[in-house]
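The values are calculated or read from the model by the stated rules, or taken from the named source; none is laboratory data. As the structure is a computational prediction, the values presented were derived from the model and not from experiment. Cβ coordinates were reconstructed from backbone atoms using ideal geometry, including for glycine residues, and neighbour counts include every protein chain displayed. SASA here: full protein model, heavy atoms, side chains in, ligands and nucleic acids out. Shrake-Rupley method; radii C 1.70, N 1.55, O 1.52, S 1.80 Å.
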Amino acid sequence: MPNLSNLNLGKNLFPSIPEQLTDHTKIKVLDMRNNLLTTLSSVIRNWADKMQARHGMSLSLDGNAFMCNCDNLDLIRWINTTKVNLDSRSYKCQLSNGTISDTLTVYNSFSRLFADCRSTMWLTFASTFLSTCVTVFLLLVLYSKRWKIAFSIYGVFQRFIEKKVRKSYKYDVYMSYAGDIIIWIKDVLIPRVEAEWGLTMCIRDRDFLAGKSLLDTEAESIKNSRYIIFLITPEFKSSNDCLFELDRAKYEKVTRNLDKIIVITKDIRITDIPPEFAFICNYAYFVQWPSDQRDVDDTWRRLKMLITDGAVANRQITL
């Protein structure tokens, strides 16, 4: 579409603006509101400035999850100095300490809020230089003992692969939810996932035994699950248990016990998703449950693709 001039990509859970847009040189209006943007790359900022200089450009960015930290100093300056027609100069953003502010306030307090960024930059440089020296030394040592190390690594890798193949899970899916949505889970989700697809789900209200510590049980159940599904509803935001489950899921994902993190949004706007989920958007799978029943079949197909491939493979290996 070489003549594309107006593009609306709002409410699409984009973690970043696709840099392929820079191939389009006639765009005058770009709407990226209510996504999951935490920053804008220098490529996109330079492209927007060029479009503004060429024919004028309007860029809408409200309702995203911007970060106001040392890594985003150039973005904060750009928002407040660019000639691009932005829909605001005071977007909500999260500081490094977790405080919510806005880009205009942060820009006006630049020297106070980011005084330590320069020292952090030099510390990073020194650490990088030291790491490079250590790396060169280790490479020389590794080269002198390369064959012995190669055979040792091969043995460890072989044992790891054998352990991974044999790994089995107690549950295929762990459900994280809050409030009365449990009725929808029992009436709609469980019949489809367990009865039709043959998977095993861990449901807090059904499978947890009385008497045991709730947090310990949640942590153990997530560890023994192949996937975790966060079912985000309006009640989810006020649940401390769900935030604990998110932290635990991030840990199990890093330690490679958890194969996938899936986020389903239901009866909630994208802008109302808890901001903590912005930090897993790079490796989580987002599914927006449709309000239009005509789109439900496509959503079921996508969900099935996400949670049945590994589970089926695991059953084949077990047999």
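Structure notes:
- Residue satisfying all of: in region 110-127; surrounded by fewer than 10 Cβ atoms within 10 Å (Cβ to Cβ) and among the hydroxyl-bearing types (Ser, Thr, Tyr); modelled with the highest pLDDT among these: Ser111
- Residue match in region 262-272 (condition: outside any helix (DSSP H, G or I) and over 24 Å from Asp292 (Cβ atoms)): no
- Filtered by the rule that a residue be at pLDDT below 90, over 23 Å from Asp267 (Cβ atoms) and in a loop (DSSP other than H, G, I, E, B), region 185-243 gives Phe208, Leu209, Ala210, Gly211, Lys212, Ser213.
- Residue-level analysis places Arg54 outside the set of residues that are over 27 Å from Asp116 (Cβ atoms), under 21 Å from the mean Cα position of the chain (by Cα) and charged (D, E, K, R).
- Of all residues in region 172-179, at least one satisfies being surrounded by 15 or more Cβ atoms within 10 Å (Cβ to Cβ), among the aliphatic types (A, V, I, L, M), touching a Ser or Thr at 6+ places or on another chain (Cβ under 6 Å) and touching a residue at least 12 places away in the same chain (Cβ under 8 Å).
- Among residues of region 257-271, those that are out of contact with any Pro (no Cβ under 7 Å at 6 or more places or on another chain) and open to solvent by 70 Å² or more (accessible area, probe 1.4 Å), counted: 1
- Taking the listed residues Val287, Val254, the one that is open to solvent by 20 Å² or more (accessible area, probe 1.4 Å) and either β-branched (Val, Ile, Thr) or in contact with a Cys (Cβ under 9 Å, 6 or more places away or on another chain) (or both) is Val254, with no other qualifying.
- Unique match (being assigned by the TED database to the domain that holds Phe110, charged (D, E, K, R), open to solvent by 30 Å² or more (accessible area, probe 1.4 Å) and within 19 Å of the chain's Cα centre (by Cα)) among Asp49, Asp87, Asp71: Asp71
- Subset of region 23-37 that is open to solvent by 40 Å² or more (accessible area, probe 1.4 Å) and touching a residue at least 24 places away in the same chain (Cβ under 8 Å) - its residue that is nearest to Leu75 (Cα to Cα): Arg33
- If you check Ser96, Ser42, Ser58 for being touching a residue at least 24 places away in the same chain (Cβ under 8 Å) and open to solvent by 90 Å² or more (accessible area, probe 1.4 Å), only one passes: Ser96.
- Ile17 more than 22 Å from Ala65 (Cα to Cα) and part of a loop (DSSP other than H, G, I, E, B): no
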